[in-house]
1. Could you figure out which of (1) surrounded by 14 or more Cβ atoms within 10 Å (Cβ to Cβ); (2) among the small types (G, A, S); (3) over 23 Å from A208 (Cβ atoms) isn't true of G99?
2. Please go through (1) touching an Asp or Glu at 6+ places or on another chain (Cβ under 7 Å); (2) outside any helix (DSSP H, G or I) for S37 and return the number of the only condition it doesn't satisfy.
3. Within segment 44-67, work out how many residues are more than 17 Å from Q134 (Cβ to Cβ) and either open to solvent by less than 30 Å² (accessible area, probe 1.4 Å) or modelled with pLDDT of 95 or more (or both).
4. Go through segment 167-183 and give me each residue that's open to solvent by 50 Å² or more (accessible area, probe 1.4 Å) and under 15 Å from I32 (Cα atoms).
5. Is it the case that segment 10-32 has a residue that's touching a strand residue (DSSP E or B) at 6+ places or on another chain (Cβ under 8 Å), of a type outside the set (G, A, S), in a strand (DSSP E or B) and open to solvent by 10 Å² or more (accessible area, probe 1.4 Å)?
6. Looking at R71 and the list (1) in a loop (DSSP other than H, G, I, E, B); (2) charged (D, E, K, R); (3) crowded, with 20+ Cβ neighbours inside 10 Å, which single condition is not satisfied?
7. Where in segment 78-180 are the strands (runs of 3 or more DSSP E), entirely inside, with at least 1 residues that are modelled with pLDDT under 95?
8. Could you tell me whether segment 195-207 includes any residue that is part of a helix (DSSP H, G or I) and over 27 Å from R55 (Cβ atoms)?
Amino acid sequence: MSQYFEVHPDNPQPRLIALAAQILHGGGIAAIPTDSSYALVCHLDDKAAAQTLRRLRGFDDKSGNKHHLTRLCRDLSELASYARVDNQQFRLLKLATPGPYTFILEASREVPRRVSHPSRRTIGLRVPDHAVTQALLAALGQPLLATTLIPPGAEEPLNDPREIRAHFEKRLQAVVDAGACPMQPTTVIDLSGDEPVLVRRGRGDPAALGLMG
């Protein structure tokens with residue numbers, strides 16, 4: 001049965017954030033708010049939790065559905081540990097973060113294959129602009145592995161924390177309720193090639209980064 005934490009969206013209670021972080025440290029899966037939608041998250045280095053995260057979204061290997069799991073980072077300070085970027089790409093990342101953008105980056109050699117794209121050796125990375133997400137990342141002291149909270153077979157993410165709890169009651173260890181999220185996906189930009197490629201237009205404005213749709 002999942003634990004349910006009601007937190008303030010702008011000033012989350014440190015005690016509740018610490019409890020949620022403890023669950024994630026212990027290998028649990030949590031539903032948390034972000035600046036685009038609710039997400040399912042787990043500890044970055046927990047192989048079993050990452051596999052569970054994929055199964056919850058229908059991304060298990062047996063289905064043949066290859067999909068990025070995104071790293072939610074507090075800032076860009078640990079970027080070199082996970083991705084290879086040049087100076088131009090780094091300037092673009094600094095301009096866009098924190099914010100509702102997801103970047104596809106060339107994975108560094110240190111990144112395990114199980115948490116990079118199965119065929120492309122790339123990773124998804126984003127720095128969310130949400131007080132609750134940032135507080136959790138600070139409490140953990142490292143990035144989280146994440147995917148948008150869309151139930152298998154659905155097209156839209158769940159946005160009501162109580163509905164999330166009811167839907168995933170026996171499969172999540174925590175639900176962090178900070179109210180409704182914007183319900184608009186992140187803008188996805190592929191930086192793994194020679195030039196930036198706009199993969200999906202979402203809440204983040206590509207024109208703000210000098211990119212046209």
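1. Exception for G99: condition (3).
2. (1)
3. Looking only at that region, the number is 7.
4. Selection gives H167, R171, Q173, A180, P182, M183.
5. No, the conditions are met nowhere in segment 10-32.
6. Of everything listed in (1) in a loop (DSSP other than H, G, I, E, B); (2) charged (D, E, K, R); (3) crowded, with 20+ Cβ neighbours inside 10 Å, R71 misses just condition (1).
7. In segment 78-180, the matching strands (runs of 3 or more DSSP E) lie at 101-107, 122-126, 144-148.
8. Yes - at least one qualifying residue is present in segment 195-207.
The values are calculated or read from the model by the stated rules, or taken from the named source; none is laboratory data. From a predicted model like this one, the values you see are computed outputs, not experimental measurements. Note that each Cβ is placed from the backbone with ideal geometry, even for glycine, and that neighbours are counted across all protein chains shown. Just the protein is used for accessible areas: all its heavy atoms, side chains included, with ligands, DNA and RNA removed. Shrake-Rupley method; radii C 1.70, N 1.55, O 1.52, S 1.80 Å.
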